[in-house]
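Remarks on the structure that follows.
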Amino acid sequence: MNLDAALQTYIVESRELLQSMEESLLRLERQPDDADAINATFRAIHTIKGSAGLFGLDDIVRFTHVVESLLDRARDRQVPVDDRLTALMLDCGDHIGHLVDTAAGEQPVDPLALETRQAALLERLETFSPSSVPRVTDMASLPIERDVVVARDEAVPVGNGAWHISLRFGRDVLRNGMDPASFLRYLATLGDVISTTTLADAIPDAADMDPESCYLGFEIDLRGAASKETIESAFEFVREDCQIHILPPNSMVGAFVGLIAELPESIERIGEILVASGAVTHAELVQALAEQEASGGEPKVGEILIEEQVIQQTIVQAALDKQKQVKEHKAADGKLVRVQADKLDALINLVGELVIAGAGAGVLARRHGDGALQEATALMSRLVEEIRDGALRLRMVQIGDTFNRFQRVVRDVSRELGKDIELVITGADTELDKTVVEKIGDPLTHLVRNAMDHGIESAERRQAVGKLAKGRLMLNAYHDSGSIVIEVGDDGGGLNRDKILGKAVERGIVAAGASLSDHEIYQLIFEAGFSTADQVSDLSGRGVGMDVVRRNIEALRGTVELDSMPGVGTTVRIRLPLTLAIIDGFLVGVGEAAYVLPLEMVLECVELPEAGREAPVHRAYVNLRGEVLPFVRLRDHFEVQGQAERRENIVVVHYGGRKAGLVVDRLMGEFQTVIKPLGKMFSRVQGISGSTILGTGEVALILDVPSLIQQAAVRESAHIGLFAQGMADRASVSVQ
């Protein structure tokens, strides 16, 4: 086995388990009586602990054992499940995450810091169950073989603290291609085999022996952290052919007597083996057998063990049910394949190059005028498009996992601020590119923390204005026009328009007396260093968050807008492309240059009327079936040299509920576009979001439609403002 690869798998699965544990604890905080949540938390810790022992991660094993012990008592309602317990378990989960990161080598190992943090957590754990939680000073010597079934009978448990396994291989084990020795060797990986006795009592005389049959049996004592389920799984492939009995550590003496009665060998033979291995003492066994014999065939120990047997049957049934669930889970996991992200990125890059090469082949086919070749390239283009769509779907993930991580952020920050805030998540099943999901986390964190600190008022202020004391923070996602929209909203007091404008004038961002719309004023909070906070807190107020949000969103070819209503709340709306790699584009030409528009944003194409051709720049809009449509001349915008074509076209595009027109010379049809980033030199060019390579080998620029629409909207608003001002001036003159 490649242990390095197995360790990486363990690290990935441990992080997933810790995330699942955190979600369960947050649910438990809201519903303390949720038995499923506490059981899920226990299973996560138990799994992390058990797997850590295979890799010698003793620090994780020892600490998780203490946490597991407390959770086990919480499951039995011996410890109250309250906010204090869930808070401690969340902190323990964070510490286990640090231990896992240290094992992965992804953060510097600071033994002193880890030891200090762990000591503080252990002291807090001791306050819940001092009698069952090891002391801090005992942690170094804590044994790892603590996964035992606690006996519930009043009788004193016996044994050597090890699992006792009675194993009788079936006759057909060898015929089925199984090696009995391999199972014994595997058991040694689950713990320390302290005693093994081979039973050859079933071997017949040489003349009657079948060389293909197995006659062996074994009595084994195993000390280790493995659970009964894990031990049983070692014999998964031979379970139906074998006779297997497993007794947990520190079982009752009656359980061993019952085992003796079920085994095929004589009582004396098995009794000697149990005594020799230390499972029971000679006196205990003799006394139990004597009581059984004195009962006249009705074993007295059977009466003693009635309650224990009922309990054991319940435990066994629960174990079988759990094992069935594990099998079903493994069967479901078998349908999934883990793929490293860099391999997936390499595949997407190759598909992109294939798209470019296919476009080049199509150009050559059209130049030669060969019908059969054109048909072949058209078929290849369709297949490449299907491969492209399939490859991109591989990178599409639901945004729900990202949203759910903010449950913990909202919980911790709300407590730090002394506010009662609930998180409402909608649209969690909305999918987008994995690379976008990875880069959206930090901007969302800024927005969430800012909304909780600045947006949502304290409970007293909310109640004073007739609101519920508990504030609401909303995370929502949905698809719109080939892009994904992520909304971060709150039901707080909203933004103070006059305060923002006054701060902007004070800092010189806006000229005094400037006439700005509410939307334009609200967008000012994304300026670098801009803040209206009266005092600086640990969370915000320094003006170094919202500008970073906008910069990171724009780096993803997205936009961010803000809407607010006083007394009602604020919503920050982020629009992002579904993917950063390959899109369907619409190719247009202006002069000798070619440009690409995202096809999802194109509504229609119409001919530019004569009135539009003669309109001055400040009146760049046309009547589109009774609707005012502002437009941008790409020839003027990019200062393309040469005379415009006699016939120009308007490509009507839309984004974020707005429509605008882009005036071009030629319409060149749909085009599969492989997005290539621009260099730093062109990063601040307005109206351009990237580039692509055409089939001819030429470079075409990808237009930033949101930016162009914004420019058209601003120009239209300015014209309307000038028109309104002119009308007001005329009215004033008339009155005079």
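The values are calculated or read from the model by the stated rules, or taken from the named source; none is laboratory data. Values in this document were obtained by computation on a predicted structure and should not be read as measured data. Virtual Cβ from ideal backbone geometry, glycine too; neighbours counted across all protein chains shown.
Within the stretch 468-487, if we keep just the residues that are at pLDDT below 90 and not hydrophobic (A, V, I, L, M, F, W, C), the residue that is surrounded by the most Cβ atoms within 10 Å (Cβ to Cβ) turns out to be Ser483.
Within the set Ser69, Ser20, the sole residue that is of a type outside the set (A, V, I, L, M, F, W, C), in the same structural domain as Leu99 (by TED's automatic domain parsing) and more than 16 Å from the chain's Cα centre (by Cα) turns out to be Ser69.
Please state which one of Ile231, Ile194 is in contact with a Lys or Arg (Cβ under 6 Å, 6 or more places away or on another chain), among the aliphatic types (A, V, I, L, M) and within 30 Å of Lys49 (Cβ to Cβ). Selected residue: Ile194, the only one of Ile231, Ile194 that is in contact with a Lys or Arg (Cβ under 6 Å, 6 or more places away or on another chain), among the aliphatic types (A, V, I, L, M) and within 30 Å of Lys49 (Cβ to Cβ). For the stretch 171-185, the tally of residues that are touching a residue at least 12 places away in the same chain (Cβ under 8 Å), surrounded by fewer than 13 Cβ atoms within 10 Å (Cβ to Cβ) and under 42 Å from the mean Cα position of the chain (by Cα) stands at 0. Anything in the stretch 691-703 that is out of contact with any Lys or Arg (no Cβ under 7 Å at 6 or more places or on another chain) and surrounded by 21 or more Cβ atoms within 10 Å (Cβ to Cβ)? List them, or say none. Within the stretch 691-703, Ala700, Ile702, Leu703 qualify. Sub-9 Å Cβ pairs linking a first residue in the stretch 340-368 that is in contact (Cβ under 8 Å) with a residue 24 or more places away in the chain and within 11 Å of Gln672 (Cα to Cα) to a second residue that is in a helix (DSSP H, G or I) and small (Gly, Ala, Ser), at least 6 apart or interchain, are Val355/Ser381; Gly358/Ser381; Ala359/Ser381, ordered by first then second residue. Among the helices (runs of 4 or more DSSP H) confined to the stretch 538-637, the ones with at least 3 residues that are of a type outside the set (Gly, Ala, Ser), at pLDDT 80 or above and over 30 Å from Thr696 (Cβ atoms) are located at 546-555. Considered as a group, the residues in the stretch 439-458 that are of a type in the set (Val, Ile, Thr) and touching a strand residue (DSSP E or B) at 6+ places or on another chain (Cβ under 8 Å) include one that is surrounded by the most Cβ atoms within 10 Å (Cβ to Cβ), and that residue is Ile456.
Could you tell me which numbered condition Gln643 fails, if it satisfies all but one of (1) out of contact with any strand residue (DSSP E or B) (no Cβ under 6 Å at 6 or more places or on another chain); (2) outside the structural domain of Ala464 (by TED's automatic domain parsing); (3) touching a residue at least 12 places away in the same chain (Cβ under 8 Å)? Only one criterion in (1) out of contact with any strand residue (DSSP E or B) (no Cβ under 6 Å at 6 or more places or on another chain); (2) outside the structural domain of Ala464 (by TED's automatic domain parsing); (3) touching a residue at least 12 places away in the same chain (Cβ under 8 Å) is unmet by Gln643, namely (3). Restricted to helices (runs of 4 or more DSSP H) entirely inside the stretch 1-95, those with at least 3 residues that are touching a Gly at 6+ places or on another chain (Cβ under 8 Å) and surrounded by fewer than 23 Cβ atoms within 10 Å (Cβ to Cβ) are 3-30.
For the stretch 224-275, a residue qualifies if it is of a type in the set (S, T, N, Q) and surrounded by 19 or more Cβ atoms within 10 Å (Cβ to Cβ), and the qualifying residues are Ser227, Ser251. Considering only the stretch 459-480, state which residues are within 16 Å of Glu422 (Cβ to Cβ) and touching a strand residue (DSSP E or B) at 6+ places or on another chain (Cβ under 9 Å). Scanning the stretch 459-480 gives Ala459, Arg462, Lys470, Gly471, Arg472, Leu473, Met474, Leu475, Asn476. Summed over the stretch 650-690, residues that are in a strand (DSSP E or B), small (Gly, Ala, Ser) and surrounded by fewer than 14 Cβ atoms within 10 Å (Cβ to Cβ) total 1.
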